[in-house]
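Bear in mind these aren't lab numbers, they're just calculated from the coordinates by the rules spelled out. These numbers come from a predicted model, not from an experiment. No Cβ is skipped: glycine too gets one built from the backbone with ideal geometry, and neighbour counts run over all protein chains shown.
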Amino acid sequence: MTTELKRQRDARVDFFRGLALLFIFIDHIPNNSWAHATLKNFGFSDASEVFVLLAGYSAAIAYGLDRDGFESSFRRAMRRAGEIYVWHIGIFIASAALLFAAAHYFDKPDYVDNIALRDIVTDPGRSLLSALALVYQPNQMNILPLYVVLMLWLPIVLLLLRHSVALALIVSFSIWAIANASGFNLPANRPGQGWYFNPLAWQLLFTTGAAAAVLTQQHATKVRREILALAAAYVLFAFLNAAPWVAISWLPDDTLLPPDLVGQVSKNYLSVWRYLHILALAYLVGSLVPANSAWLKQPWAAAIVTCGKHSLEIFALGTLLSFLGWIALAELGPGGLIELVVNIAGLGVLSWVAWHLSRRKLQQGKSGISAPGVPG
């Protein structure tokens, strides 16, 4: 089997990846009531699963084996991994500077302690080396290290997909199962702890996205009603289990299902409940939302699509803005108006920057200048 894929953008992929990025920004602001409306409250999975699944899908298209062969795909994937690594270190430094400045100015050490940045002061040399080795990952700065590893894993995925989709999924699932059964994880800065997003587990979702890209573009996809019904039933089950109405004060606080019905739903090791939930959501969207839907061209949707086209830059900026939002809410006090301003301002900045990046890329294309990087 070949993995030569057509490099054409699917607006649905960019839309839902952009939406995931906006959800991540909202979710990362502590005590933000807007987070009650994001995906994490309506089922087992959240925006992280959306981001990783679509990252695998788009990576298979952007870096899939083509007429230039495996060597070219490998080089481009490694270059992208390097770009993501540099962006992560940049975010780490900028976020640490911002939060240490806030802690000093407002005399609130929580800005540093609550996301595990204190090690930079207590042991700066070791912390710096650990950060460069991706071993030291403060809270909210652990998605891009996962993405680096996934891009390093991508060439192996492409080779497996070249033989068969089934082989790629079997190998990926086996690695996931071993990680879950053994508890094996990559080392973290503190003894006894591993990566928050265990790459050995989360590679399954990335690989599944890549496999879906191959299946979608090489075979005519037909919606199967029985699978659609199962997916809808599972999404409904996840919704009832999450019971999002409990968080809303004026709604009943009774759950319809026992709280311990499904047991632990591990995010670190990508629980099967989370994996099946995001697959069910993806199947529903892929089946019920046409690629040429008119609403995707509406201004509000186009703005989200544009964010999805520049996922790395928007994620990086969103991380910094979420820290600024945290500081703003903590210093100005809770309140609907303050939250409205913080969230609208953050979403507006992200949308404007995405528009500016697209405009610059278009201008560079017209002038014959290649834009830096590759789609991701």
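Couple of notes before you dig in:
- Each principal axis of the Cα cloud of the chain was taken in turn, and the coordinate range along them, longest first, works out to 60, 53, 48 Å.
- Coil-residue chymotrypsin sites (Phe, Trp or Tyr not before Pro) of the range 226-324, DSSP, other Cβ within 10 Å capped at 16: 250
- Environment charge of residue 14, counting only residues whose C-beta is closer than 13 Å and scoring Lys/Arg +1, Asp/Glu -1: +4
- Total lysine pairs under 24 Å (Cα atoms) in the chain, excluding pairs fewer than 8 apart on one chain: 12
- For 355, 202, order by how many other beta-carbon atoms lie within 10 Å, fewest first: 355, 202
- Between the beta carbons of residue 114 and residue 300, assuming R0 = 25 Å, the FRET efficiency works out to 0.15 to the nearest 0.05.
- Hydrodynamic radius of the range 254-357 per Kirkwood, over alpha carbon pairs, in Å: 17.2
- Projecting the Cα positions of 106, 86, 216 onto the charge dipole of the range 11-366 (unit charges on Cβ atoms of Lys, Arg, Asp and Glu, taken about the Cα centre) puts 216 furthest along the positive direction.
- Karplus-derived 3J(HN,Hα) values for the range 116-126, using 6.51 cos²θ - 1.76 cosθ + 1.60 with θ = phi - 60°, are 6, 9, 4, 4, 4, 8, 6, 8, x, x, 5 Hz; glycine and proline are entered as x.
- Proximity of backbone amide H atoms, modeled 1.01 Å from N, is registered between residue 271 and 266 at under 5 Å, excluding neighbours fewer than 5 places apart on the same chain.
- Taking amide H atoms as placed 1.01 Å from N in the peptide plane, the amide H of residue 137 lies under 5 Å from those of 189, each 5 or more residues away in sequence or on another chain.
- Remark: the range 165-177, residue by residue, has Karplus-estimated 3J(HN,Hα) of 5, 4, 4, 4, 6, 5, 4, 4, 5, 5, 5, 4, 5 Hz, where x stands for each Gly or Pro and the curve is 6.51 cos²θ - 1.76 cosθ + 1.60 at θ = phi - 60°.
- When the inverse distances between all different Cα atoms of the range 190-276 are averaged and flipped, the Kirkwood radius reads 16.2 angstrom.
- Here the relative contact order of the chain, from alpha carbon pairs under 8 Å that lie six or more residues apart, stands at 30 percent.
- The range 274-308 and the range 84-107: distance between their alpha carbon centers, rounded to Å: 33
- Estimated dipole of the chain in Debye, rounded to 20 [Cβ of Lys and Arg +1, of Asp and Glu -1, Cα centre]: 1460
- In order through the range 340-348: 3J(HN,Hα) via Karplus (6.51 cos²θ - 1.76 cosθ + 1.60), integer Hz, x for Gly, Pro: 4, 5, 4, 5, 5, 4, x, 5, x
- From its DSSP helices (H runs of at least four residues, each -39,500 (n - 2.57)), the chain gives a residue-normalised ellipticity at 222 nm of -22000 deg cm²/dmol.
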